[in-house]
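Below is one structure, written out as C-alpha coordinates; comments come after it.
The values are calculated or read from the model by the stated rules, or taken from the named source; none is laboratory data. Computed from a prediction, not measured in an experiment: that's the story for all the values here. Cβ sites come from the backbone with ideal geometry, for glycine too, and all protein chains shown count toward neighbours. SASA here: full protein model, heavy atoms, side chains in, ligands and nucleic acids out. Shrake-Rupley method; radii C 1.70, N 1.55, O 1.52, S 1.80 Å.
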Amino acid sequence: QKEVEQDPGPLSVPEGAIVSLNCTYSNSAFQYFMWYRQYSRKGPELLMYTYSSGNKEDGRFTAQVDKSSKYISLFIRDSQPSDSATYLCALRYAGNMLTFGGGTRLMVKP
Amino acid sequence: EAQVTQNPRYLITVTGKKLTVTCSQNMNHEYMSWYRQDPGLGLRQIYYSMNVEVTDKGDVPEGYKVSRKEKRNFPLILESPSPNQTSLYFCASNLGYGRDTGELFFGEGSRLTVL
(Lines give C-alpha, C1' and ligand atoms only; values in the text may rest on other atoms or scores of the structure.)
Protein backbone atom coordinates (compact mmCIF):
# COMPACT_ATOMS: atom_id res chain seq x y z
CA GLN A 1 0.00 0.00 0.00
CA LYS A 2 1.33 3.42 -0.93
CA GLU A 3 1.80 5.93 1.86
CA VAL A 4 -0.30 8.48 -0.02
CA GLU A 5 -3.14 7.55 -2.37
CA GLN A 6 -4.69 9.89 -4.90
CA ASP A 7 -7.18 9.18 -7.66
CA PRO A 8 -5.41 9.90 -10.97
CA GLY A 9 -8.53 11.06 -12.77
CA PRO A 10 -8.92 12.64 -15.21
CA LEU A 11 -11.66 14.70 -13.64
CA SER A 12 -13.64 16.72 -16.14
CA VAL A 13 -15.99 19.49 -14.96
CA PRO A 14 -17.80 22.43 -16.56
CA GLU A 15 -16.63 25.95 -15.89
CA GLY A 16 -18.07 27.33 -12.65
CA ALA A 17 -18.36 23.93 -10.95
CA ILE A 18 -17.08 23.17 -7.47
CA VAL A 19 -14.19 20.72 -7.64
CA SER A 20 -13.18 18.34 -4.87
CA LEU A 21 -9.77 16.69 -4.99
CA ASN A 22 -8.74 14.19 -2.34
CA CYS A 23 -5.87 12.19 -0.88
CA THR A 24 -5.76 9.52 1.76
CA TYR A 25 -2.68 8.57 3.71
CA SER A 26 -1.63 5.80 6.03
CA ASN A 27 1.13 7.30 8.19
CA SER A 28 -0.30 9.17 11.17
CA ALA A 29 3.08 10.90 11.66
CA PHE A 30 2.40 13.27 8.76
CA GLN A 31 2.07 16.79 10.12
CA TYR A 32 2.38 19.10 7.14
CA PHE A 33 0.02 19.00 4.20
CA MET A 34 0.44 20.70 0.87
CA TRP A 35 -1.18 20.90 -2.52
CA TYR A 36 0.92 21.47 -5.60
CA ARG A 37 -0.43 22.46 -9.01
CA GLN A 38 1.35 21.31 -12.15
CA TYR A 39 0.53 22.74 -15.53
CA SER A 40 1.37 20.76 -18.64
CA ARG A 41 5.12 20.88 -19.45
CA LYS A 42 5.86 22.72 -16.20
CA GLY A 43 7.21 21.84 -12.78
CA PRO A 44 4.89 21.59 -9.77
CA GLU A 45 4.25 24.80 -7.82
CA LEU A 46 3.00 25.11 -4.26
CA LEU A 47 -0.66 26.08 -4.14
CA MET A 48 -1.73 25.58 -0.52
CA TYR A 49 -0.05 24.64 2.73
CA THR A 50 -1.65 23.58 6.03
CA TYR A 51 -0.29 22.31 9.31
CA SER A 52 -3.27 21.32 11.40
CA SER A 53 -6.65 19.70 11.00
CA GLY A 54 -9.40 21.97 9.76
CA ASN A 55 -9.86 24.28 6.83
CA LYS A 56 -7.66 26.90 5.22
CA GLU A 57 -9.03 29.22 2.61
CA ASP A 58 -7.21 31.22 -0.07
CA GLY A 59 -9.45 32.89 -2.61
CA ARG A 60 -11.31 30.21 -4.54
CA PHE A 61 -9.27 27.43 -2.95
CA THR A 62 -9.93 25.68 0.35
CA ALA A 63 -7.66 23.01 1.81
CA GLN A 64 -9.16 20.67 4.36
CA VAL A 65 -7.34 18.23 6.62
CA ASP A 66 -8.97 15.49 8.70
CA LYS A 67 -6.17 13.82 10.65
CA SER A 68 -8.52 11.41 12.40
CA SER A 69 -9.58 9.96 9.05
CA LYS A 70 -6.18 10.50 7.40
CA TYR A 71 -7.91 12.37 4.60
CA ILE A 72 -7.09 15.67 2.94
CA SER A 73 -9.06 17.61 0.36
CA LEU A 74 -8.70 20.58 -1.93
CA PHE A 75 -11.85 22.39 -2.99
CA ILE A 76 -11.95 24.79 -5.92
CA ARG A 77 -14.96 27.09 -6.15
CA ASP A 78 -16.11 28.67 -9.41
CA SER A 79 -13.61 26.60 -11.36
CA GLN A 80 -12.03 28.20 -14.42
CA PRO A 81 -10.42 26.72 -17.54
CA SER A 82 -7.13 28.13 -16.20
CA ASP A 83 -7.47 25.70 -13.27
CA SER A 84 -6.95 22.81 -15.68
CA ALA A 85 -3.81 21.11 -14.39
CA THR A 86 -2.60 18.16 -12.40
CA TYR A 87 -2.95 18.57 -8.63
CA LEU A 88 -0.59 16.71 -6.35
CA CYS A 89 -0.98 16.37 -2.63
CA ALA A 90 2.28 16.33 -0.67
CA LEU A 91 2.74 15.40 2.95
CA ARG A 92 5.65 15.36 5.34
CA TYR A 93 6.54 14.87 8.97
CA ALA A 94 9.19 16.66 10.97
CA GLY A 95 12.71 15.80 9.96
CA ASN A 96 11.70 14.40 6.62
CA MET A 97 10.97 15.53 3.13
CA LEU A 98 7.78 15.48 1.11
CA THR A 99 5.89 12.36 0.09
CA PHE A 100 3.79 12.98 -2.98
CA GLY A 101 0.51 11.54 -4.13
CA GLY A 102 0.33 10.43 -7.75
CA GLY A 103 -1.62 13.51 -8.83
CA THR A 104 -5.14 14.08 -10.15
CA ARG A 105 -5.56 15.54 -13.60
CA LEU A 106 -8.31 18.16 -13.71
CA MET A 107 -9.93 19.51 -16.86
CA VAL A 108 -12.30 22.48 -16.63
CA LYS A 109 -14.29 22.90 -19.81
CA PRO A 110 -15.56 26.34 -20.92
CA GLU B 1 14.20 36.02 -10.09
CA ALA B 2 14.35 33.02 -7.74
CA GLN B 3 14.43 29.87 -9.82
CA VAL B 4 15.64 26.35 -10.41
CA THR B 5 17.09 25.93 -13.91
CA GLN B 6 17.44 22.59 -15.66
CA ASN B 7 19.13 21.78 -18.95
CA PRO B 8 18.44 20.36 -21.40
CA ARG B 9 14.64 20.63 -21.40
CA TYR B 10 14.33 17.94 -24.05
CA LEU B 11 16.77 15.23 -25.03
CA ILE B 12 16.64 12.16 -27.23
CA THR B 13 19.58 9.81 -26.89
CA VAL B 14 20.54 6.20 -27.53
CA THR B 15 21.16 3.35 -25.12
CA GLY B 16 24.57 3.52 -23.48
CA LYS B 17 25.48 7.09 -24.39
CA LYS B 18 26.42 8.92 -21.20
CA LEU B 19 24.52 12.10 -20.51
CA THR B 20 24.28 14.77 -17.83
CA VAL B 21 21.28 16.86 -16.90
CA THR B 22 22.32 20.04 -15.16
CA CYS B 23 20.45 21.76 -12.35
CA SER B 24 21.20 25.12 -10.81
CA GLN B 25 19.36 27.16 -8.15
CA ASN B 26 19.91 30.79 -7.21
CA MET B 27 18.16 30.77 -3.82
CA ASN B 28 21.12 29.63 -1.70
CA HIS B 29 19.17 26.49 -0.78
CA GLU B 30 20.95 23.76 1.11
CA TYR B 31 18.75 20.89 -0.02
CA MET B 32 18.46 19.72 -3.62
CA SER B 33 16.82 16.68 -5.10
CA TRP B 34 16.07 14.87 -8.36
CA TYR B 35 12.73 13.27 -9.19
CA ARG B 36 11.40 11.35 -12.11
CA GLN B 37 7.74 11.51 -13.04
CA ASP B 38 6.06 8.67 -14.89
CA PRO B 39 2.37 8.13 -15.72
CA GLY B 40 0.62 6.21 -12.95
CA LEU B 41 3.69 6.32 -10.70
CA GLY B 42 3.78 9.97 -9.73
CA LEU B 43 6.95 11.70 -8.55
CA ARG B 44 9.67 9.37 -7.36
CA GLN B 45 12.83 10.61 -5.74
CA ILE B 46 16.11 9.53 -7.35
CA TYR B 47 18.79 11.22 -5.22
CA TYR B 48 18.97 14.10 -2.82
CA SER B 49 21.63 16.28 -1.27
CA MET B 50 21.46 17.91 2.14
CA ASN B 51 24.42 20.18 1.39
CA VAL B 52 27.71 20.39 -0.48
CA GLU B 53 29.45 17.01 -0.72
CA VAL B 54 26.49 15.29 1.03
CA THR B 55 24.32 13.11 -1.19
CA ASP B 56 22.07 10.13 -0.57
CA LYS B 57 19.86 7.72 -2.45
CA GLY B 58 16.18 8.25 -2.85
CA ASP B 59 13.60 5.66 -3.82
CA VAL B 60 14.84 4.85 -7.35
CA PRO B 61 18.61 5.51 -7.56
CA GLU B 62 19.63 2.60 -9.83
CA GLY B 63 21.31 3.77 -13.01
CA TYR B 64 21.90 7.32 -11.82
CA LYS B 65 24.73 9.28 -10.23
CA VAL B 66 24.85 12.75 -8.73
CA SER B 67 27.43 15.11 -7.34
CA ARG B 68 27.25 18.27 -5.24
CA LYS B 69 30.50 20.14 -5.49
CA GLU B 70 28.91 23.58 -5.24
CA LYS B 71 25.85 24.67 -3.32
CA ARG B 72 23.99 25.95 -6.36
CA ASN B 73 24.56 22.98 -8.73
CA PHE B 74 23.32 19.40 -8.58
CA PRO B 75 23.84 17.54 -11.87
CA LEU B 76 22.19 14.20 -12.62
CA ILE B 77 24.38 11.75 -14.50
CA LEU B 78 23.21 8.75 -16.50
CA GLU B 79 26.38 6.76 -17.16
CA SER B 80 24.77 4.22 -19.48
CA PRO B 81 21.16 5.20 -20.19
CA SER B 82 18.60 2.50 -20.90
CA PRO B 83 15.07 2.78 -22.37
CA ASN B 84 13.49 2.34 -18.91
CA GLN B 85 15.05 5.68 -17.97
CA THR B 86 12.84 7.44 -20.49
CA SER B 87 10.96 9.84 -18.26
CA LEU B 88 10.30 13.41 -17.20
CA TYR B 89 12.91 14.56 -14.72
CA PHE B 90 12.59 17.35 -12.18
CA CYS B 91 15.20 19.02 -10.05
CA ALA B 92 13.96 20.65 -6.85
CA SER B 93 15.44 22.64 -4.00
CA ASN B 94 14.50 23.59 -0.48
CA LEU B 95 15.93 25.85 2.19
CA GLY B 96 16.86 22.83 4.32
CA TYR B 97 15.47 20.14 6.56
CA GLY B 98 13.21 21.52 9.24
CA ARG B 99 14.08 25.07 8.30
CA ASP B 100 10.71 26.08 6.94
CA THR B 101 7.46 24.63 5.64
CA GLY B 102 9.30 22.07 3.59
CA GLU B 103 8.17 23.62 0.32
CA LEU B 104 10.08 22.31 -2.65
CA PHE B 105 10.83 24.61 -5.57
CA PHE B 106 10.88 22.75 -8.86
CA GLY B 107 12.60 23.31 -12.16
CA GLU B 108 10.69 23.23 -15.44
CA GLY B 109 11.53 19.61 -16.11
CA SER B 110 13.71 17.70 -18.56
CA ARG B 111 12.04 15.21 -20.86
CA LEU B 112 14.44 12.42 -21.68
CA THR B 113 13.89 9.73 -24.31
CA VAL B 114 16.33 6.81 -24.53
CA LEU B 115 16.06 4.80 -27.75
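Which order, highest average first, do B:80-92, B:48-60 follow once you tally other Cβ atoms within 10 Å for each residue and take the mean per peptide? List each step's numbers first, then the result.
Values: B:80-92: 18.7, B:48-60: 15.2.
Top of the packing list down: B:80-92, B:48-60.
Where nothing but the Cβ of Lys and Arg (+1) and of Asp and Glu (-1) is charged, how large is the charge dipole of chain A around its Cα centre, in debye to the nearest 20? If you can, show how the numbers build up before the last one.
Values: 12 positive and 10 negative charges, 39 e Å.
The calculated dipole for chain A is roughly 180 debye.
Provide the buried accessible surface between chains A and B in square angstrom, both chains summed, 1.4 Å probe, rounded to the nearest 100.
Values: alone 6090 and 6310 Å², together 10840 Å².
The summed interface area works out to 1600 Å².
Subtract the Cα-Cα distance of residue A:45 and residue A:26 from 0.36 nm times their separation in residues, and report this length gain in nm to one decimal.
Details: separation 19, 0.36 × 19 = 6.84 nm, distance 2.42 nm.
Roughly 4.4 nm would be gained on extension.
Quick one: dipole size for region A:1-48, taken about the Cα centre, charges +1 on Lys/Arg Cβ and -1 on Asp/Glu Cβ, in debye to the nearest 20.
On the way: 4 positive and 5 negative charges, 38 e Å.
My answer is approximately 180 debye.
So, by mean Cβ neighbours within 10 angstrom, what's the order for A:6-18, B:20-32 with the highest one leading? Walk me through the intermediate numbers first.
Working: A:6-18: 13.9, B:20-32: 18.2.
Ranking, from highest mean packing down: B:20-32, A:6-18.
Just going by the charge dipole of chain B, with Lys and Arg at +1 and Asp and Glu at -1 on Cβ, which of B:96, B:41, B:13 is farthest out on the positive end?
B:13
Please give the average number of partner chain Cβ atoms lying within 10 Å of the Cβ of each residue in A:36-49, rounded to a whole number.
Details: counts 4, 0, 5, 0, 0, 6, 5, 15, 9, 4, 6, 0, 0, 3.
The mean count of partner-chain Cβ atoms within 10 Å per residue comes to 4.
Averaged over B:31-37, how many beta carbons belonging to a partner chain fall within 10 Å of each residue's beta carbon? Working shown, then result.
On the way: counts 1, 0, 2, 0, 4, 0, 8.
Average per residue, whole number: 2.
Using every alpha carbon pair in chain B, what percent of pairs falls into each 10 Å bin from 0 up to the bin containing the largest distance?
Cα pair-distance distribution for chain B, in percent: 15, 50, 29, 5, 0.
Please label the shape of region B:1-46 as rounded, prolate or oblate, based on the square roots a ≥ b ≥ c of the eigenvalues of the alpha-carbon gyration tensor (a/c under 1.5 means rounded; beyond that, a/b larger than b/c means prolate, else oblate). Provide the component values of the computation, followed by the final result.
Working: a/c = 2.21, a/b = 1.38, b/c = 1.60.
Taking the square roots of the gyration eigenvalues as a ≥ b ≥ c, region B:1-46 is oblate.
Measure out, as a whole number of angstrom, how far apart the alpha-carbon centroids of region A:37-110 and region B:53-113 sit.
Result: 23 Å between the Cα centres.
From largest to smallest, what semi-axes in whole angstrom does chain A give when each is the square root of 5 times an eigenvalue of its alpha carbon gyration tensor? Before the final figure, lay out each step's value.
Details: eigenvalues 105, 42, 30 Å².
Semi-axes, largest first: 23, 14, 12 Å.
Sorted by packing (mean other beta-carbon atoms within 10 Å per residue), highest first, where do A:54-64, A:36-46 land? Present the calculation step by step, with values, prior to reporting the outcome.
On the way: A:54-64: 14.2, A:36-46: 17.3.
Ranking, from highest mean packing down: A:36-46, A:54-64.
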